[in-house]
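Visitor: First the structure, which I've put down as structure tokens, then a few questions once you've had a look.
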Amino acid sequence: MATTSKQEYIQVDGVKTFFVKAGDGHPLLLIHGASPGASSLLNWKLNIEPLAAAGFAVYAYDQPGFGYTENPSDHSIEYRVTHAKR
């Protein structure tokens, strides 16, 4: 069964944050790594649709300073954890 993903933005801690949402069901959050060029669309492109088809509500977002998410004033790992929790 094919699913349709939506690409959206949300404000998180004052940072315009890009995310992809696909499917319905139990929520599953995908967090990409911090390598140069990392992003939700690049890192998770082969996983989002199959996980959604398996019955999950998949959320994959770009961490602050990556992909389509704005650059924050704080680039530390501690801030990325705070951002993810919010």
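The values are calculated or read from the model by the stated rules, or taken from the named source; none is laboratory data. Not measured: the values here are computed from a predicted model. Quick reminder, even Gly has a Cβ in these numbers, built from the backbone with ideal geometry, and neighbours come from all protein chains shown. For accessibility, only protein heavy atoms count, side chains too; no ligands or nucleic acids. Shrake-Rupley method; radii C 1.70, N 1.55, O 1.52, S 1.80 Å.
Visitor: Please give the charge dipole size of segment 1-60, origin at the Cα centre, charges +1 on K and R Cβ atoms and -1 on D and E Cβ atoms. Round to the nearest 20 debye.
Guide: Once rounded to the nearest 20, the dipole reads 100 debye.
Visitor: Residue-wise, which Karplus ³J(HN,Hα) couplings in Hz belong to segment 23-40, taking 6.51 cos²θ - 1.76 cosθ + 1.60, θ = phi - 60°, and x for glycine or proline?
Guide: 3J(HN,Hα) across segment 23-40, in whole Hz: x, 9, x, 5, x, 10, 9, 9, 10, 6, x, 10, 6, x, x, 5, 6, 4.
Visitor: Tell me the carbon and sulfur percent of the accessible area for segment 31-86, rounded to whole percent, probe radius 1.4 Å.
Guide: Of all accessible area on segment 31-86, carbon and sulfur atoms account for 57 percent.
Visitor: Moving on to the next point. By accessible area of protein heavy atoms, probe 1.4 Å, what ranking do Asp24, Asp13 get, highest first?
Guide: Output order, biggest surface exposure first: Asp24, Asp13.
Visitor: Can you compute the modelled spin-label distance between Tyr9 and Leu42, with each label point 7 Å from Cα toward Cβ, in nm?
Guide: Using points 7 Å along Cα→Cβ, the separation is 2.0 nm.
Visitor: To continue, here is another question. Taking amide hydrogens as modeled 1.01 Å from N in the peptide plane, which residues meet the under 5 Å criterion relative to Leu30, leaving out close sequence neighbours?
Guide: Amide H neighbours of Leu30, under 5 Å, 5+ apart: Tyr59, Ala60, Tyr61.
Visitor: Right, next: Leaving out ligands and nucleic acids, and using a 1.4 Å probe, what accessible area per residue does the chain come to in Å²?
Guide: Accessible area per residue: 61 Å².
Visitor: Please give the solvent-accessible surface of Phe18 in Å², to the nearest 10, using a probe radius of 1.4 Å with every protein chain present.
Guide: Its heavy atoms expose roughly 10 Å² to the probe.
Visitor: Once every DSSP H run of n ≥ 4 in the chain is given -39500 (n - 2.57) and the sum is divided by its residues, what mean residue ellipticity at 222 nm do you get, rounded to the nearest 500 deg cm²/dmol?
Guide: Helices in the chain give a 222 nm mean residue ellipticity of -5500 deg cm²/dmol.
Visitor: Rolling a 1.4 angstrom probe over the protein chains, ignoring ligands and nucleic acids, what is the accessible area of Ile10 in square angstrom, nearest 10?
Guide: 90
Visitor: I'd like the distance between the alpha-carbon centres of segment 1-60 and segment 71-86, rounded to an integer number of Å.
Guide: Using only Cα atoms to place each centre, the spacing works out to 18 Å.
Visitor: In segment 1-84, with Lys and Arg counted as +1 and Asp and Glu as -1 at Cβ, which of these residues, Tyr61, Ile48, His83, has the Cα nearest the positive end of the dipole, that is, farthest along it?
Guide: My answer, from the dipole projection, is Ile48.
Visitor: Roughly how many Å² of Leu46 are accessible to a 1.4 Å probe, to the nearest 10?
Guide: 140
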